[in-house]
Amino acid sequence: MGDFKLTTIEEFEAATNRLLETGAKVGADAYQYRVKNQTPHCKFGEQGVCCRICTMGPCRITPKAPRGICGCDAHGIVGRNYLRFTAGGAATHSDHGREICHTLYCTAPDGNYKVKDPEKLIRIAKEWGVETEGKDIYDLAHEVAVLALGEYGKVFGHQNFIKRAPKHTQEIWAREEIEPRAIDREVSCAMHMTHMGCSSKPEALIRQSLRAGLADGWGGSMAGTEFSDVLFGTPMPIDTEANLGVMVEENVNIVVHGHDPSLSEMICEYADDPEMIAYAKEMGAKGITVSGVCCTSNEVAMRRGIPMAGNFLQQENVILTGACEAIVVDVQCIFPAIGPLAKCFHTKFVTTSPIAQMPESDYIRFSPENAGENAKAIVKMAIENFKNRKPELVHIPQMKQKATVGYSVEAIKKTLDTVTNSQVDITGTLKPLVECVKSGVIRGAVAMVGCNNPKVRPDTAHIGLMKKLIENDIIIVASGCSAQAAAKAGLMDKRARDLCGAGLKRVCQLADIPPVLHMGSCVDISRMMILVSDLSKDSGWNISELPVVGCAPEWMSEKAVSIGNYVVATGLDTFLGVDPYASGSSEVEGLLQGGIRDWVEACYTVETDIDKLVDKMIDRIEEKRTALGI
Ligand code: BF8
Ligand code: SF4
């Protein structure tokens, strides 16, 4: 193993504390202080029993006041809140997907955006019944983009992508009436159902929560992933680095943050431009370093090997280094705190999307039409800001790990094909993986996803769970901030295979992979849905029979609930480390953590004790193996 060593949580925290000292010098606020001001949290909110959807309220349920003014009880209120939470997440992911479809529509051979993976475009076009023969690739891109945009408001029928699921899964969705129709319709329907005086029956509300989730995972998110691949390339294994030490003191540091790769791809493009690099040198820097935070970081790490400065709760830290010339954001998971924080330093806070406008930022509106021009202006602005650094405030924690990322489903298949020496065919098979699972060399897999949340000591759950799972020969596929936690710790370094049980270690050696596979951003959890669908088809087992579970141990966002709903509705048991504001209703909790298994063959487990959470996942995987007789 040589000198390889994981970075510990204590080391992460020491680095953060050192940065907070810098912050204190300039009077900067930080989430750590705001958490103190906000705790203890409102109990009604935590239990999900506060309703403010009409102005007769707000109503709060207590033993003495068991019904709101309209007569709605705790079960109805908790169920409605849960569905609205889901709708927020489904809308957010899906609208991101829509932007990507729009960017696809704007592609041109001489435009800002081009088709980088024509093969994938042709594959999807054929899948959707579009004639591809003899067609110009850009004409095809535009035709498919229009169809994809049509999925959002389609008049009849269901999402195109659901046909990718195994037959059994599709039958469940049809039987349970949760096949996702138009994406926008499922979100609208959720808002309609939760309007004053509509649904208050938990079964109906939770059913629509699953359906809206499916519209996200098998609709909007899948469009986001698939068409991002078409536009920017399908990820293949690539080496990169993670943690704050990827920022380079002598260079102009640009941090991209958010989710939509249309922006970050363009920034990377221009930061690489020799003209820009020469300009940076002229301004006294040695070069330009682009690094990322949150999912847009995952997008450019997966496709370009751009280093990951950190995950969600590290977004303030990048500014606290005093060495960030510009933090450029698009949409989602961006702290409004960045505006005032950036003002304490020389950092430019650049917002770019009408969807995420924030005070105290420079707003440079981005669109496919002006992308090149604006990206260039932003890079230039960062370069010109280098001279404004305050050297006494500059401190970049020298902490980073190597990571191999880029495990799209296509990449995983290609890796397996290489191991089995068969023909390299990226539409190939997962059979070698099935064999490993059958023989018990790998016991199973966990899809580790989701955010950080100050309710959990940041990254401890992600990293602690992963370490124990790989010791137990359970392979991890990861995305979002969970993947970045793994990368920061060193779990995506191939040498981390030495931390695995004997079986998984052997597989990692043979396939030359790390034990935690980075599958991308949160919309890329749709990749995981394709992976389990293909595993199901290649093994002959139903998805719910596979020794595979999902886990979001530190989640915080509405998007995460939407994801949870489609993962469960696809047949995978899902383990949460943070409660989804449902404890105020035994009926809603009962459905989420048990009852829905009768509908979709899977359900949630909520367990805030991380040690117990991992044991429960391992037990579940072993139960599934026993049931399969393997
Ligand atoms: O979409 S894991 S904190 S960055 S919501 Fe946000 Fe959560 Fe991170 Fe990506 Ni996903
Ligand atoms: Fe209260 Fe009912 Fe109005 Fe909700 S819908 S605020 S429970 S009166």
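The values are calculated or read from the model by the stated rules, or taken from the named source; none is laboratory data. Just so it is clear, the structure is predicted and the values come from calculations on it, not from any experiment. Here Cβ is always computed from backbone atoms with ideal geometry, including for glycine, and neighbour counts include all displayed protein chains. The accessibility values were calculated without ligands, DNA or RNA, using every heavy atom of the protein model including side chains. Shrake-Rupley method; radii C 1.70, N 1.55, O 1.52, S 1.80 Å.
Observations
- Within segment 135-182, the set of residues being open to solvent by less than 30 Å² (accessible area, probe 1.4 Å) and part of a loop (DSSP other than H, G, I, E, B) comprises Glu151, Tyr152, Gln159, Ala165, Pro166, Glu176, Ile178, Pro180, Ala182.
- Total residues in segment 380-396, condition surrounded by fewer than 20 Cβ atoms within 10 Å (Cβ to Cβ) and outside any helix (DSSP H, G or I): 3
- Residue count for segment 63-102, restricted to those that are surrounded by fewer than 24 Cβ atoms within 10 Å (Cβ to Cβ), basic (Lys, Arg) and within 11 Å of ligand 2 (Cβ to nearest atom): 1
- Positions within segment 516-533 being within 13 Å of ligand 1 (Cβ to nearest atom) and among the hydroxyl-bearing types (Ser, Thr, Tyr), in sequence order: Ser521, Ser526
- Wholly within segment 455-565, helices (runs of 4 or more DSSP H) carrying at least 3 residues that are modelled with pLDDT of 95 or more and within 19 Å of the chain's Cα centre (by Cα): 460-471, 480-489, 525-539
- Ser367 among the small types (Gly, Ala, Ser), on the phi < 0 side of the Ramachandran plot, within 16 Å of ligand 1 (Cβ to nearest atom) and in a loop (DSSP other than H, G, I, E, B): no
- Among the residues of segment 12-21, the one identified as open to solvent by 70 Å² or more (accessible area, probe 1.4 Å) and touching a residue at least 40 places away in the same chain (Cβ under 8 Å) is Arg18.
- Among residues of segment 436-460 being farther than 20 Å from Thr296 by Cα and of a type in the set (S, T, N, Q), the one that is nearest to ligand 1 (Cβ to nearest atom) is Thr460.
- Residues satisfying the stated conditions in segment 131-175, i.e. of a type outside the set (D, E, K, R), over 18 Å from Ser94 (Cβ atoms) and without any contact (Cβ under 8 Å) to a residue 40 or more places away in the chain: Thr132, Gly134, Ile137, Tyr138, Leu140, His142, Phe156, Gln170, Ala174
- Residues in segment 555-611 that are surrounded by 24 or more Cβ atoms within 10 Å (Cβ to Cβ) and within 16 Å of ligand 2 (Cβ to nearest atom): 2 in all.
- For Leu244: the one exception among (1) open to solvent by less than 10 Å² (accessible area, probe 1.4 Å); (2) under 26 Å from Glu410 (Cα atoms); (3) away from ligand 1 (no atom under 16 Å from the Cβ): (2)
- Met1 being more than 16 Å from ligand 1 (Cβ to nearest atom), modelled with pLDDT under 95 and open to solvent by 20 Å² or more (accessible area, probe 1.4 Å): yes
- Only one entry in Gly233, Gly292, Gly287 is touching an Asp or Glu at 6+ places or on another chain (Cβ under 9 Å) and either open to solvent by 10 Å² or more (accessible area, probe 1.4 Å) or acidic (Asp, Glu) (or both), namely Gly233.
- Of the candidates Gln332, Gln357, Gln401, Gln314, the single residue that is touching an Asp or Glu at 6+ places or on another chain (Cβ under 8 Å) and open to solvent by 10 Å² or more (accessible area, probe 1.4 Å) is Gln401.
- Hits in segment 494-530 (condition: within 19 Å of Gly305 (Cβ to Cβ) and surrounded by fewer than 24 Cβ atoms within 10 Å (Cβ to Cβ)): Lys494, Arg495, Asp512, Ile513
- Ala24 being within 16 Å of ligand 1 (Cβ to nearest atom) and either open to solvent by 50 Å² or more (accessible area, probe 1.4 Å) or modelled with pLDDT of 95 or more (or both): no
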